[in-house]
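One structure is given here, and the rest of the page talks about it.
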Amino acid sequence: MKISTRGRYGLRAMIDLALHAEEGRVPLAAIAARQDLSLNYLESIFSALKRAGFVLGMAGAQGGYSLARPAEQISLQSILEALEGDLSISEELDAGTPLRAFLKRHVWDAIDQEVEITLRATSLAEMVERIQLQASSADSSIL
Amino acid sequence: MKLSTKGRYALEGLFYMAIATPDRAVSIKEIATGTGISAAYLEQIFFKLKQSGIIRTVRGARGGFIFNQPLSEISVGQIIRAVEGSLVPVKCVESLSACTSRVRGTCISRQVWVELSDALARAADSITLDRLRTEWKTEQEGGMPR
């Protein structure tokens, strides 16, 4: 049970983008540098995020990415789903045995639901708020 | 974020024991027949479950596996950890040194993975074999499936 690098790096980059949203369009190279991520990999992740309607990309000297919607309206669940596909922990099962069907309903679906509630409840805007709060209380310079 | 078949089959095997043979030793062969899972694969999985102390073996003609703990104390979380090692979907949650990033000290996403892990653990640890057995019985007796 793992979140792939695509999901991990993509979410981190999206939080970084939201943190710097006020600076206007953010070049991927800046995100790559701040987050110690490969620019090539970020480009492939962001083309998927653009297709999925999370970011707007602009080419050129003043180019870069911006959020396509307000950060309040982007949940962590939706970003991870766009990057990872279905977040369910159980495989798509053949009809299977009555035992298996029972466990899907009472165990795997219940766990999925708890995960979804948690990730859906948190928006990018909330992440930004929390990180800024931490930064100011720790007097650190991550921003 | 898929669970391995190991985790799924471990729960299926133990759930079969909980509803069919809670009080006697049962052979891998019988569990294989009852669940439709290959006996060879179950053998590997049950070895790990035994190591973790969830079940033990009984020798003899009527030997096999038997629960080593009350069903009310065996949770889905415990079963998955026993066979998969962990219930945590991103390594840094357990150990920050597992992350090789230069910026791990100021990571802006680790908190998300901590909360995701907490949600998984909260859900999986709250479901016990005892509770599942009760729900199964209710449904078998004609209760409405959820």
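The values are calculated or read from the model by the stated rules, or taken from the named source; none is laboratory data. Keep in mind that this is a model prediction, so the values were computed, not measured. Here the Cβ positions follow ideal geometry from the backbone for every residue, glycine too, while neighbour counts run over all protein chains shown. Surface areas here come from the heavy atoms of the whole protein model, side chains and all, with no ligands, DNA or RNA. Shrake-Rupley method; radii C 1.70, N 1.55, O 1.52, S 1.80 Å.
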- Message: Could you tell me how many of the residues in region A:52-70 are surrounded by fewer than 17 Cβ atoms within 10 Å (Cβ to Cβ) and either assigned to a loop (DSSP other than H, G, I, E, B) or within 13 Å of chain B (Cβ to nearest Cβ) (or both)?
- Response: 10
- Message: Looking at the structure I just gave you, is B:Arg59 open to solvent by 70 Å² or more (accessible area, probe 1.4 Å), at negative phi and either touching a helix residue (DSSP H, G or I) at 6+ places or on another chain (Cβ under 7 Å) or at pLDDT below 95 (or both)?
- Response: yes
- From A:Ala101, A:Ala125, grab the single residue that is modelled with pLDDT of 95 or more, assigned to a helix (DSSP H, G or I) and either more than 24 Å from B:Thr100 (Cα to Cα) or open to solvent by 60 Å² or more (accessible area, probe 1.4 Å) (or both). A:Ala125
- Unmet criterion (only one of (1) open to solvent by 50 Å² or more (accessible area, probe 1.4 Å); (2) at pLDDT 90 or above) for B:Arg146: (2)
- Query: Do you know which of the residues in region A:71-98 that are within 7 Å of chain B (Cβ to nearest Cβ) and open to solvent by less than 30 Å² (accessible area, probe 1.4 Å) is farthest from A:Arg8 (Cα to Cα)?
  - Reply: A:Ser90
- Could you check how many residues of region B:20-42 are in a helix (DSSP H, G or I) and crowded, with 17+ Cβ neighbours inside 10 Å? 7
- Task: Kindly establish whether A:Glu91 is in a helix (DSSP H, G or I) and not aromatic (Phe, Trp, Tyr).
- Result: no
- Message: Between a residue in region A:1-23 that is within 17 Å of A:Leu133 (Cα to Cα) and any residue that is open to solvent by 50 Å² or more (accessible area, probe 1.4 Å) and part of a helix (DSSP H, G or I), which pairs come within a Cβ distance under 7 Å, given they are 6 or more apart or on different chains?
- Response: A:Asp16/A:Arg34
- Message: Going residue by residue through region A:3-16, is there one that turns out to be open to solvent by 40 Å² or more (accessible area, probe 1.4 Å), of a type outside the set (D, E, K, R) and over 18 Å from B:Arg110 (Cα atoms)?
- Response: no
- Item | Odd one out for B:Gly36 among (1) on the phi > 0 side of the Ramachandran plot; (2) in contact (Cβ under 8 Å) with a residue 60 or more places away in the chain | (2)
- Task: Please work out which one of (1) out of contact with any Phe, Trp or Tyr (no Cβ under 6 Å at 6 or more places or on another chain); (2) free of Cβ contacts under 8 Å to residues at least 40 places away in the same chain; (3) under 21 Å from B:Cys99 (Cβ atoms) is the condition A:Leu37 fails and give its number.
- Result: (1)
- Item | Selection status of B:Ile127, under 13 Å from the mean Cα position of the chain (by Cα), modelled with pLDDT of 95 or more and farther than 21 Å from A:Ile117 by Cα | no
- Taking region B:70-113 only, how many residues are outside any loop (DSSP other than H, G, I, E, B) and surrounded by 14 or more Cβ atoms within 10 Å (Cβ to Cβ)? 20
- Within region A:99-127, the residues that are more than 23 Å from the chain's Cα centre (by Cα) and of a type in the set (Val, Ile, Thr) are A:Val107
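Residue by residue, here is whether (1) over 30 Å from A:Arg130 (Cβ atoms); (2) free of Cβ contacts under 8 Å to residues at least 60 places away in the same chain holds:
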{"site": "B:Ala82", "(1), (2)": "yes, no"}
{"site": "B:Pro89", "(1), (2)": "no, no"}
{"site": "B:Ala98", "(1), (2)": "no, yes"}
{"site": "B:Gly105", "(1), (2)": "no, yes"}
{"site": "B:Gln111", "(1), (2)": "no, yes"}
{"site": "B:Ala119", "(1), (2)": "no, yes"}
{"site": "B:Ala124", "(1), (2)": "no, yes"}
{"site": "B:Lys137", "(1), (2)": "yes, no"}
{"site": "B:Gly142", "(1), (2)": "yes, yes"}
- Note on the structure: Scanning region A:1-27 residue by residue, the ones that are over 18 Å from A:Glu72 (Cβ atoms) and outside any helix (DSSP H, G or I) total 8
- Query: Looking only at region B:114-132, which residues are more than 7 Å from chain A (Cβ to nearest Cβ) and buried (at least 17 other Cβ atoms within 10 Å of the Cβ)?
  - Reply: B:Ser117, B:Ala121, B:Thr128, B:Leu129
- Among (1) over 30 Å from B:Val83 (Cα atoms); (2) in a helix (DSSP H, G or I), A:Gln77 falls short only on (1)
